[in-house]
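Below is one structure, written out as structure tokens, with a few remarks after it.
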Amino acid sequence: MNYTAEIVAVGTELLLGNVANTDAQMISEALAAAGVNVLYHTAVGDNAQRLTEVTEIARKRANLLIFTGGLGPTYDDVTREIVCRVFDRELVFHDEVMAQIQHYFDTVFRREMPECNRRQAYLPSGAQVFPNPVGTAPGCVFTAGGITVMLLPGVPHECRHMVHHQVLPWLKQQSGEVILSREIRTFGLSEPKIQELLGSVMDEAVNPSLAPYAKSGEVLLRMTAKAADEESCRRLMAPMLAQVRDALGDHIYGEDVGSLEEVVVRQLRQRGLTLAAAESCTGGLIAKRLTDIPGASAAFCGGVVSYTNEVKRAVLGVPQDLLEEYGAVSAPVAQAMAEGVRRITGADLGVSVTGVAGPDKDDRGNEVGTVFIALSCSGGTEVHQLDLGRGRQRIRTLSANHVLNMIRRHVAGMKE
């Protein structure tokens, strides 16, 4: 069956802004990878009338409704009751679910189970239960009048576990097909530019499909194919994958990888190279992202957050005359920072970043978003000037991305 989905997140805390609706994002990503089109996201408070109205609307415009939240034991957890009312189902007590909830209290909470938790063992009649080994709220799925309804817990780690261990296997079983996705990650091209370069490849893609997702300085392309088995999916993808690689070239920094920093750490380790970073406007973000990757200690020596001129001079050895003549945000100072951190750590490569993150110009009149990055190695030092626009956090993120991409290209022997 071809599903079109609506995700309904239930919880007043979502509307107050106290909690971000991360469940909807996670479920959408999982469904996209499974070839299910998500048409709508809805958030509604813990109110029976409004949840009824939302459910009535949703059933008219999607054939897969996924509810998260409102499955707890308290009086304001009304999702089960409202869904049953709308779809003319009864709530049925499940002894095996009750036993699982009791077991969770006995082994995890190690305290007596409140009587109100018995409510969580009541599920819509005819529903298939989704067990919840990491919490007390079970999920379920049933079909009524051509509409498939799923109830999932709202607690993020419980919802994630259920999606990956219950929902996705259930969808795969229903389809009778294998759904395979590939992720192609790019840096340095905007989404419109990628669409221009790919032309009809993206516009005409059906099976496999090809969808872009833009992030800060990056665009992720997700390719998804459906076929009888995994090998058939790979055969379907092969021609399109070759076209994408040919069109985007070395702007592709990885396939089925998590991040730029993951690629950089892997490259450095494979080549036996070490790296050190001198950071000003990024405040240690580059070092943080590198050390988030397991095994980074084999390649990353360390970093210096040289936020002030005094640290640039005293720790990194940036000459005072350079600071006075050109200012901290300049190509000569970026070069000296990269060479300095390489020298004091003994790393094979030294990188640096210095710039104006805002909100105002610096004392030399450099505009917000002016950033210099540098990479030093035994063969010399390369420096690049960037104009990253406005937005303090955006500038910091993009600066780190550009430094990581510069490392990637250098280690891979790519020309700028």
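Among the conditions (1) over 30 Å from G365 (Cα atoms); (2) at pLDDT 95 or above; (3) out of contact with any Cys (no Cβ under 6 Å at 6 or more places or on another chain), G258 misses just one, which is (2). The residues listed here are E177, E204; of these, the one that is acidic (D, E) and in contact (Cβ under 8 Å) with a residue 12 or more places away in the chain is E177.
Against the criterion of being farther than 30 Å from V19 by Cα and not in a helix (DSSP H, G or I), A211 does not qualify. Reported count of residues in segment 148-186, each being modelled with pLDDT under 95, part of a strand (DSSP E or B) and more than 18 Å from the chain's Cα centre (by Cα), is 3. Go through (1) at positive phi; (2) buried (at least 17 other Cβ atoms within 10 Å of the Cβ) and name the single condition G17 misses. Of the numbered conditions (1) at positive phi; (2) buried (at least 17 other Cβ atoms within 10 Å of the Cβ), the odd one out for G17 is (2). Residues in segment 159-169 that are open to solvent by less than 20 Å² (accessible area, probe 1.4 Å) and out of contact with any Asp or Glu (no Cβ under 6 Å at 6 or more places or on another chain): 3 in all. Meeting the requirement of 3 or more residues that are under 20 Å from M162 (Cβ atoms) and either in contact (Cβ under 8 Å) with a residue 12 or more places away in the chain or basic (K, R) (or both), the strands (runs of 3 or more DSSP E) wholly within segment 78-147 are 122-124, 128-130, 139-144.
Filtered by the rule that a residue be within 23 Å of P208 (Cβ to Cβ), open to solvent by less than 70 Å² (accessible area, probe 1.4 Å) and assigned to a helix (DSSP H, G or I), segment 27-77 gives I27, S28, A30, L31, A32, A33. On the stretch given as segment 170-186, residues that are farther than 25 Å from A214 by Cα and surrounded by fewer than 18 Cβ atoms within 10 Å (Cβ to Cβ) total 8. Filtered by the rule that a residue be of a type in the set (K, R) and out of contact with any Phe, Trp or Tyr (no Cβ under 9 Å at 6 or more places or on another chain), segment 373-408 gives R390, R392, R394, R396.
Inspect all residues belonging to segment 102-118 and state whether any of them is surrounded by 22 or more Cβ atoms within 10 Å (Cβ to Cβ) and either within 33 Å of the chain's Cα centre (by Cα) or among the aliphatic types (A, V, I, L, M) (or both). Within segment 102-118, not a single residue is surrounded by 22 or more Cβ atoms within 10 Å (Cβ to Cβ) and either within 33 Å of the chain's Cα centre (by Cα) or among the aliphatic types (A, V, I, L, M) (or both). Number of residues in segment 187-221 that are modelled with pLDDT of 90 or more, crowded, with 16+ Cβ neighbours inside 10 Å and more than 21 Å from the chain's Cα centre (by Cα): the value is 3.
Restricting attention to strands (runs of 3 or more DSSP E) lying wholly within segment 346-416, give those where 2 or more residues are touching a helix residue (DSSP H, G or I) at 6+ places or on another chain (Cβ under 9 Å) and open to solvent by 40 Å² or more (accessible area, probe 1.4 Å).
Details: elements: 349-355, 370-377, 380-387.
Where strands (runs of 3 or more DSSP E) fall fully within segment 346-416 and carry at least 2 residues being touching a helix residue (DSSP H, G or I) at 6+ places or on another chain (Cβ under 9 Å) and open to solvent by 40 Å² or more (accessible area, probe 1.4 Å), they are 380-387.
Listed conditions (1) in contact with a helix residue (DSSP H, G or I) (Cβ under 7 Å, 6 or more places away or on another chain); (2) in contact (Cβ under 8 Å) with a residue 12 or more places away in the chain; (3) closer than 21 Å to M162 by Cα are all met by T74, apart from (3).
The values are calculated or read from the model by the stated rules, or taken from the named source; none is laboratory data. Note that the structure is predicted; figures quoted are calculated from it, not measured. For neighbour counting, all protein chains shown are included, and Cβ atoms are generated from backbone atoms with ideal geometry for every residue, glycine included. These area figures cover heavy atoms from the full protein model, side chains too; ligands, DNA and RNA do not enter into them. Shrake-Rupley method; radii C 1.70, N 1.55, O 1.52, S 1.80 Å.
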